[in-house]
């Protein structure tokens, strides 16, 4: 989502992820600092449950109905904060962060019915009779869109 926003809204046509273009000029997604020295991959990534602080007056806050959630992660890469201010100024919203505010955990597009993305994996805890709030939000937004 961050790459496409950078490409299509900011006009950074070569926006990419360091995972795909390690030497890319505009990697809006990059490897986490704690992962740079990891040689033996295995179970060394950011793995497990981590807290996320949700900003008020955001779609994420509406979806979760709370200020703090705990979600499961499994990754080595993260949103590159070098691009944060530029993207925020263009309508990108960092609506959920690590408790220190540094890691973007949830992002969304301002004034879009349901453009929301997460660093964590909502599918890992979603169940048929207890769907993850992000999936419930998507279905609700689709129903509202269809009504229009």
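The values are calculated or read from the model by the stated rules, or taken from the named source; none is laboratory data. On a predicted model such as this, the values are computed, not experimentally measured, just so you know. Neighbour counts are summed over all protein chains in view; Cβ atoms, including those assigned to glycine, are modelled from backbone coordinates with ideal geometry.
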I'm trying to understand the selection: among the residues of the range 6-35, which are assigned to a helix (DSSP H, G or I) and more than 17 Å from the chain's Cα centre (by Cα)? 8, 33, 34, 35
Considering every residue within the range 51-61, establish whether at least one is surrounded by 15 or more Cβ atoms within 10 Å (Cβ to Cβ), at pLDDT below 95, outside any helix (DSSP H, G or I) and in contact with a strand residue (DSSP E or B) (Cβ under 8 Å, 6 or more places away or on another chain). no
May I ask you to verify whether residue 65 is exposed (fewer than 14 other Cβ atoms within 10 Å of the Cβ), at pLDDT below 95 and over 16 Å from the mean Cα position of the chain (by Cα)? no
Restricting to the range 121-139, and then to whatever is surrounded by 13 or more Cβ atoms within 10 Å (Cβ to Cβ) and assigned to a helix (DSSP H, G or I), can you tell me which residue is modelled with the lowest pLDDT? 122
Tally the residues that are without any contact (Cβ under 8 Å) to a residue 40 or more places away in the chain, closer than 20 Å to residue 49 by Cβ and over 12 Å from the mean Cα position of the chain (by Cα), restricting the search to the range 69-108. 4
